[in-house]
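Laboratory data are not the source of any read-out in this text; all were calculated from the coordinates shown. Please read all numbers here as calculations on a predicted model, not as lab measurements. Note that each Cβ is placed from the backbone with ideal geometry, even for glycine, and that neighbours are counted across all protein chains shown.
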Amino acid sequence: MAEQPNIILILADDMGFADLGCTGSEISTPHIDSLAANGALLTSMYNCARCCPTRASLLTGLYPHSAGVGHMGADLGTPAYQGFLRSDSATIAEHLRPAGYRTLMSGKWHVAGDFEPRNVDSWRVGDVDHPTPRQRGFDRFYGILDGATHFFSPHYMLEDDSRVQVFPDDFYFTDAITDKAIGMIEESVADDAPFFLYLAHTAPHWPLHAHPEDIARYDGVYSAGWDAIRTARHETMNDMGLFASNWEISRRDEDVHPWSAEKNTDWEARKMATYAAMVDRMDQSIGRLVAALKRLGQFDNTLILFLSDNGGCAEFMAEDGWAKFFPDKTHDGRQIVMGNRPDVMPGDALTYQSYDKPWANVSNAPFRLFKHYVHEGGISTPLVAHWPKGIRPDGARHAPCHVADVLPTILEAAGVPYQKEVGGHAIQPCEGESFLPLLKGGDWARSQPIFFEHEGNAAVRAGRFKLVRQHSADWELYDMEVDRTELHDLAGRGGRQERDLVAQYQDWAQKVGVEDWDRQLPKLLKAWGLQSVDG
């Protein structure tokens, strides 16, 4: 057998389709852009619209409901919604480790049940319903277990099985997880073992935290406002010939006012500048990782995959909303000003803000809607793939793929079989399909439709057609080859094709255990101790 490749899977958090230089952005991402230019860029990769459902699907090759994370971390009472990885699923690490791979993870886990960030002493880390990466096939782990953290002062981190409680003055999460990942790789190379690294970023997920020098690089860039930036990104995409067709850009979201009506322009521009700085720093860290691979002689035979877990996030960081779930003091006792306040500029350790819907609309250009939703803005991510020994640089590929397809693709590249039993548990058949032939430049198309469901938002993509609806709304139908921005609804005119898509979705939803969201929502609010929740 040929020498097995190393594999690095890099996941960004809440980064929209248009936030990379190679997809039309003004944000500086030269290292990711270089990987795309010298590898492959998939323009129709789909995620699951939200952080942990995507991570569960990505890690297991199953739809999120089949993996146990049909919603988020709260246990809503059924196997599809238990909130942590099911025992009849197996992670990429659990498949690769029996074949001799060192299995390494650095970053955000978020497939291990619910945690209360303000009450870390109550956490039951390592219980059956709160498994750590080390319990799901990873030899090494450094990072966080829940869904978000303070970039300068994390509330709870683990290194392998021990809690990290001391942080240097220059600590920054994006830098730290990359440094640890490089160290893990160095250990594996010293032992002459192939490695699988899962580098799971929290950038650019809120809170908006970045190094001052990175923010300064974007000073004044966003003073033109969200309308101008969004239009410029779309025009750049079209000039690049990014997609198979130059689709019309979706209209500004109906909840977003024009930039000309914005009163706090300096604050708004600073929010987007900080967000851009977070993406920029993530790209810098990927550059350091690539440099380490070259130094160690591992670059040419390492398959690198980069993508995002959902579209840009429209959540508003109100003091009495999402912000109230997180600690309001740093680890050294300094008070944090929580929430999106125009009198507080974001970016440093004593702030906790989000970039909000208008800028998320920019991140997701040219598509509609955001994280949470299964219209294209919520589920579309570019996938960058690079492997000098295995992939021929040949421009963009446009065939639709799903994050569940990543696991079988990795296993095929490594020459490793899909495990049918792990830890005494029979493993469900893989629901993803390897797209390695697509990466190698061949003709490839998924044999099965792609399905989506999150909080009652639902869709099915089969060939050129997509059936989609928001929770409690009517089905919409789009021809994605001529209208991927979902502006011209064909519902009611699709005939047998439309009826077949509805039937296929209903069959899939029953098979994987999708529950009516109106019945699930009260359970979630009770679990969170809420009557309602923003975002």
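Some notes on this structure:
- Report summary: the helix-based calculation at 222 nm, which adds -39500 (n - 2.57) for every DSSP H run with n ≥ 4 and divides by the residues of the chain, gives -8500 deg cm²/dmol.
- Neighbour-limited loop hits for trypsin sites (Lys or Arg not before Pro), the stretch 250-281 (at most 11 other Cβ within 10 Å; DSSP other than H, G, I, E, B): Arg251, Lys263
- Global form of the stretch 205-310, assessed from the alpha-carbon gyration tensor, a/c cut-off 1.5: oblate
- Listed residues Ala74, Ile27, Val512: farthest to the positive end of the dipole of the chain (Cβ charges): Val512
- Across the chain, the mean sequence separation of Cα contacts (distance under 8 Å, 6 or more residues apart), normalised by length, yields a relative contact order of 23 percent.
- Per-pair calculated FRET efficiency, R0 = 45 Å: Ala503 and Asn119 via Cβ, rounded to 0.05: 0.45
- Gyration tensor verdict on the chain (Cα atoms; rounded if a/c is under 1.5, prolate if a/b is larger than b/c, oblate otherwise): rounded
- Span from the the stretch 30-50 Cα centroid across to the the stretch 349-365 one, whole angstrom: 21 Å
- Other residues lying with their Cβ under 13 Å from the Cβ of Ser87 contribute a combined charge of -2, Lys and Arg counting +1, Asp and Glu -1.
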